[in-house]
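To keep things clear, I will list the structure first and then write my remarks on it.
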Amino acid sequence: MDLRHSKCQTNIVGPQIRRLRVRRGWSQSKLAMRLQLGGLDISRAVLGQMESQLHCIKDKDIPHFARALGADLADIFIGFGR
């Protein structure tokens, strides 16, 4: 078993980030650019992998996503733990 894949399964926020991005009508490239301007060095390809839960998202990076998306931090976790 590839250890990277088992770790990435704990990425529970990727689909919600995708929903928030799509709701705003943004491409992955636009969100990646906004994240880069906000100080998170990320490519469009890695963002796509994060949204698809194929790449882990570090806890410390989640606030970058909330700011870039103009969302509350809690919005990133909507639907989880209920």
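In table form, for the structure just shown:
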| read-out | value |
| --- | --- |
| Distance in nm between pseudo-label sites at TRP26 and ILE62 (7 Å out along the Cβ direction from Cα) | 1.8 nm |
| Pair ILE12, MET33: separation of 7 Å Cα→Cβ label points (nm) | 3.4 nm |
| Calculated from backbone phi, Karplus (6.51, -1.76, 1.60) coupling profile of segment 31-40 in Hz, x at Gly/Pro | 5, 4, 5, 5, 5, 4, 5, x, x, 9 |
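Where a number appears in this text, it was derived from the coordinates with a stated rule and is not lab data. Bear in mind the structure is a predicted one, so any value in this text is a computation, not a measurement. When we count neighbours, we look across all protein chains shown, and the Cβ atoms used for this are built from the backbone with ideal geometry, even at glycine.
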